[in-house]
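The values are calculated or read from the model by the stated rules, or taken from the named source; none is laboratory data. Keep in mind the model is a prediction, meaning the values are calculated, not measured. Note that each Cβ is placed from the backbone with ideal geometry, even for glycine, and that neighbours are counted across all protein chains shown.
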Amino acid sequence: MKNRIFVTILFALLMSKSLVAEELMFFNTDKASKFLECDVHAIVGTSVLSQDYADHVPSITAVNVSPGCGGGIGASVQFAFKDFFAIGTGLDLMAINNKYSMALIDVKGSGSHCSAFVSNQAFNVTIPLYVSVRFNVASNVRWNVDGGIYFGLGIGGTQKADTYTTTQNELGQIVTKYQHYKWDYYNETHPIIHTIDDVDWGLIIGTNLLFHSHYKVGVEARVSTKNATADKGIIHPNVYNHLFAMKIGYQF
């Protein structure tokens, strides 16, 4: 009798451990409990501009770039083929802001000096396409690792510039001329330096934690791989807009 009780208790303990292990399996290859996952989210972070202006204009003596606020709102849809694997896409309304300044000498061979201060503000719609690998950290916590590509289309924005040009007149006096410019950010027909194309694409990498099957918190990087400048303008440098941000969402 005692042996039967001992065997029964041991079997119950083993079964309970097995169920817990199955529930908390870190990498689960079983079919997902839900095939379609939808969420809404906000993205808040830093917009970073990379450029090589100095390589294209020998008269540039210095270029300083200042990151700005970037982010947006959107919605995603994920198709979970397995508990550990899904394919996702979505639609995001994004905004980018950044600034840069440059100093030039001997502008147009006149011996003048020019300082330009440019600020950018742009809005675009992006469509990400990515794969998501999931790990069960705990019974109510899932760790997602996402990677893929995105496509972007510019829908508006402005580019503003303040320039200060210093020259010496016939009397030997130093004269400074100030000018203010304002253009459309995308596809400007009369740019002072170059035009920004309204089409963009690049890589998207992110990771997040999903709590209680609803609350998402993570980080994401959108690294542009397409040169943002178009052919119109004085020069055609390599310019890329990147975003490094925190992502917060709610999954239904």
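Annotations
- Filtered residues of the stretch 41-61 (kept if of a type outside the set (D, E), over 21 Å from V145 (Cβ atoms) and not in a loop (DSSP other than H, G, I, E, B)): T46, S47, V48, L49, S50, Q51, Y53, A54, H56, I60, T61
- Of all residues in the stretch 34-45, those that are surrounded by fewer than 13 Cβ atoms within 10 Å (Cβ to Cβ) have Cβ atoms under 8 Å from Cβ atoms of residues that are in a strand (DSSP E or B) and aromatic (F, W, Y), 6 or more apart or on another chain, in F35/F79; F35/F81; L36/F79.
- Hits in the stretch 90-132 (condition: of a type in the set (V, I, T), under 22 Å from I174 (Cα atoms) and assigned to a strand (DSSP E or B)): I105
- Within the stretch 154-198, the set of residues being among the hydrophobic types (A, V, I, L, M, F, W, C), surrounded by 15 or more Cβ atoms within 10 Å (Cβ to Cβ) and modelled with pLDDT of 85 or more comprises A161, W183, I196.
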